[in-house]
Amino acid sequence: MLRKLLTIVLPLVLPLLVYAIYLALARRKARLAGEGRLPRWQEAPWAAIFIASILLMIASLAVWRMNLGVDPGVKLMPPRVVDGEVVPSHPVPE
């Protein structure tokens, strides 16, 4: 029963529910804007702000990933315990 709910009903109903909530909020916003009672913070372009923040996050993660670690092809000695002390990973001279 739960499996059918999660695999059949939820994928069909969830997008409709999200759209219905969006539509209700958009109509309320349009009505408040028409009456001149729309709060100032709701006039911001939230979709553009959200998309820009996602793109900046992806770019920063990509830059962070490219600047991590050592150059490709360098052999690393794995971390190990020597005399009860953990010796971290380090490049092996060739």
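The values are calculated or read from the model by the stated rules, or taken from the named source; none is laboratory data. It should be emphasised that the depicted structure is a prediction, and the values quoted were computed from it without experimental measurement. Glycine also receives a Cβ, built like all others from the backbone with ideal geometry; neighbour counts cover every protein chain displayed.
Details
- Restricting attention to the stretch 64-91, the residues that are out of contact with any Ser or Thr (no Cβ under 6 Å at 6 or more places or on another chain) and surrounded by 10 or more Cβ atoms within 10 Å (Cβ to Cβ) total 9.
- Among the residues making up the stretch 31-51, those that are of a type in the set (D, E, K, R) and exposed (fewer than 10 other Cβ atoms within 10 Å of the Cβ) are Glu35, Arg37, Arg40.
- Positions within the stretch 44-80 being more than 30 Å from Val92 (Cβ to Cβ) and of a type outside the set (A, V, I, L, M), in sequence order: Pro45, Trp46, Phe50, Ser53, Ser60
- Per this entry, Trp46 is not counted among residues that are of a type in the set (A, V, I, L, M, F, W, C), within 30 Å of Arg28 (Cα to Cα) and modelled with pLDDT under 85.
- Selection status of Lys4, surrounded by fewer than 10 Cβ atoms within 10 Å (Cβ to Cβ), of a type in the set (Lys, Arg) and touching a residue at least 12 places away in the same chain (Cβ under 8 Å): no
- Filter pass, Val9 being surrounded by 10 or more Cβ atoms within 10 Å (Cβ to Cβ), out of contact with any helix residue (DSSP H, G or I) (no Cβ under 6 Å at 6 or more places or on another chain), assigned to a loop (DSSP other than H, G, I, E, B) and not basic (Lys, Arg): no
- Against the criterion of being within 28 Å of the chain's Cα centre (by Cα), exposed (fewer than 10 other Cβ atoms within 10 Å of the Cβ), of a type outside the set (Phe, Trp, Tyr) and not in a helix (DSSP H, G or I), Leu16 does not qualify.
- The set of residues in the stretch 19-55 that are assigned to a loop (DSSP other than H, G, I, E, B) and touching a helix residue (DSSP H, G or I) at 6+ places or on another chain (Cβ under 7 Å) contains only Leu38.
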